[in-house]
Each structure stands twice: as structure tokens, then as C-alpha cells.
Amino acid sequence: MKIGFLITARLKSTRLPKKLLLKINRREIIRHMIDRLKVSKSLNNIIICTSDNPQDKPLVKIAKEEGIDHFLGDEEDVILRLYNNAKEFKLDYVLNITADCPLVSIEYIDKIVKKYRESNADLIRCLNLPHGLYSYGLKIDAMRKVCEIKKVNETEVWGRYFTDTGLFNVVDLDIPKKHIRKDYRLTLDYPDDFEFFKKIFEYFGKNTYKTSISEIIKYLDKNPQIAEINKYCEEMYKKRIKEQEKIEV
């Protein structure tokens, strides 16, 4: 089975301009994410899934420098971009999350793949992990079906096509209690998120890319002042996403 991790990435952010190119320890945020994904033994391909807008060309350059693949697709229709990416690279299964999650959990990537082999589910989620550590597992045929039934071309937030239509088998991974920490936010949207990540990378240093979810949570438990840096950002994020997640089929 050919498995690809598609990193949804654009440089259009206005809240934190060109956030994926911001550097910590002299490496861009997206390169830190790539470093982490390369640790996984479950992945055959790592692909930056971006758009054909010229502003996103720096992401293509990074993909080439890091020895991974890239795909240029529709600017706004994210689920179509992911589906076309999967077809282009002849993938049998896809994992996905946005590029602003540089510490996405490698161990749960492996768990998603294992669960797919057992269940053949259309969408596999691990949303009870801290925001920024989870990813999604997507069946190729299910993405195709979403592309057929949707009536809009703006699909930056596509999850409800799977959960609200009654057409798909959605499986949520069982998450051990020690990893269910909704009070921790590890995604990059706002300036204070960036300050938070600088503290994380400063502490774990050159080993950050292979740091486990348990180690990250242990560090934040012992240093609550770090988690407080960007804790308030989650409410702003939820409000914005709620405005974007309406679907039409």
C-alpha cells in the first residue's frame, strides 16, 4: 500500500503573514514539520500540497531542497486539491494536516494507518489530542465522493462533508487519557503561537523533530507558564473555523 502524507500549505495568511517561512533555530516552520514526518516508517511519500498561485513558489523550492514531492492545485478547493494530489502520485491512502502543525504526532500517524488496515474507514481522526498534534487519515474513494457531492469550491474546512452527510464511515481513534489535553495548543496561527513554539524548540533543541507527544505534554505540565502564552488563541481559532465550516451538498 502506497501511503502519502499531504501537507496542506499556502502562504496567504494575514493573521501571521508567511507564517510557514518563519524561522526557529534557523529553519522554517514547514521544514521542521518535514523533519518530523521523515521519522515515520509508515509513509512512502511526503508531499507539500500547495496551489498554483505564484505567491506559493517558495514552498515548491523548499520541497525540492528537502528531497520531497510537491503538488500544485486549486487555491480554494482544498479537498479537490488533496484528491487530485493523491491521484497524481497514485497513492492508496492519504494522511493530512495543515503545515502550521510542525509537531504533528508521528506515533498517531502510525496508529491511523494501522486502524485503516483494520477498518477500511473513510475518515480516521484523533481529535482528542492537543490541537496541532493530530492528523487525518483519508480514503481516496471517499475524497472522490466528496468532490462529486459538494456544491461549493471553497473547502478549506472540509470535515463536515464526511461527518454530516451520513455517507461515510468515520472512525475516531481511542486516545489514552494521558494524551487528552485540550488545554494545550500546538498550532501556528497568531504571533503568540510563534512565541510558544520558540519556547518548545528552545527546550528540546536539535531533538525536537523526534520528540514524542508524551514528552511534549510532560514539559508543558511542568511549565504551565509556557502553555499560557497562546492558550487564549484557541477561542479565536474556533470562532473563525465555525464561520468557515458550513457545507452545501
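The values are calculated or read from the model by the stated rules, or taken from the named source; none is laboratory data. Because the structure is a prediction, the values reported are computed rather than measured. Positions of Cβ are backbone-derived with ideal geometry, glycine not excepted, and every protein chain shown enters the neighbour counts.
Computed quantities for the displayed model
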read-out: Complete set of residues in the range 198-235 that are outside any loop (DSSP other than H, G, I, E, B), closer than 15 Å to Pro130 by Cβ and hydrophobic (A, V, I, L, M, F, W, C); value: Ile200, Ile213, Ile216, Ile217, Leu220, Ile226, Ala227, Cys233
read-out: Boolean, Lys199 is among the charged types (D, E, K, R), at pLDDT 95 or above and in contact with an Asp or Glu (Cβ under 9 Å, 6 or more places away or on another chain); value: no
read-out: Per-region count, the range 33-50, residues over 18 Å from Lys2 (Cβ atoms), surrounded by fewer than 22 Cβ atoms within 10 Å (Cβ to Cβ) and within 15 Å of the chain's Cα centre (by Cα); value: 2
read-out: Residue that is farthest from Lys61 (Cα to Cα) [pool: residues in the range 2-24 that are surrounded by fewer than 16 Cβ atoms within 10 Å (Cβ to Cβ) and out of contact with any Lys or Arg (no Cβ under 8 Å at 6 or more places or on another chain)]; value: Arg15
read-out: Some residue of the range 178-189 being surrounded by 13 or more Cβ atoms within 10 Å (Cβ to Cβ), among the hydrophobic types (A, V, I, L, M, F, W, C), farther than 19 Å from Asn96 by Cβ and in contact with a helix residue (DSSP H, G or I) (Cβ under 7 Å, 6 or more places away or on another chain); value: no
read-out: From Gly159, Gly132, Gly137, residue being crowded, with 20+ Cβ neighbours inside 10 Å and closer than 20 Å to Tyr93 by Cβ; value: Gly137
read-out: Qualifying positions in the range 164-207 - hydroxyl-bearing (Ser, Thr, Tyr) and within 18 Å of the chain's Cα centre (by Cα); value: Tyr184, Thr187, Tyr190
read-out: Odd one out for Glu195, checked against (1) in a helix (DSSP H, G or I); (2) crowded, with 17+ Cβ neighbours inside 10 Å; value: (2)
read-out: Glu243 being exposed (fewer than 12 other Cβ atoms within 10 Å of the Cβ) and at pLDDT 95 or above; value: no
read-out: Of residues in the range 199-214 being surrounded by 14 or more Cβ atoms within 10 Å (Cβ to Cβ) and touching a residue at least 24 places away in the same chain (Cβ under 8 Å), the one farthest from Leu103 (Cα to Cα); value: Lys199
read-out: Which numbered condition Lys90 fails, given (1) without any contact (Cβ under 8 Å) to a residue 12 or more places away in the chain; (2) on the phi > 0 side of the Ramachandran plot; value: (1)
read-out: Residue match in the range 173-180 (condition: of a type outside the set (Val, Ile, Thr), within 17 Å of Tyr116 (Cβ to Cβ) and not in a strand (DSSP E or B)); value: yes
read-out: Subset tally (residues that are closer than 20 Å to Ile112 by Cα and either in contact with a Cys (Cβ under 9 Å, 6 or more places away or on another chain) or not in a helix (DSSP H, G or I) (or both)) for the range 136-156; value: 4
read-out: Every residue from the range 62-110 that is of a type in the set (D, E, K, R), touching a strand residue (DSSP E or B) at 6+ places or on another chain (Cβ under 9 Å) and assigned to a helix (DSSP H, G or I); value: Lys64, Glu66, Arg81, Glu88
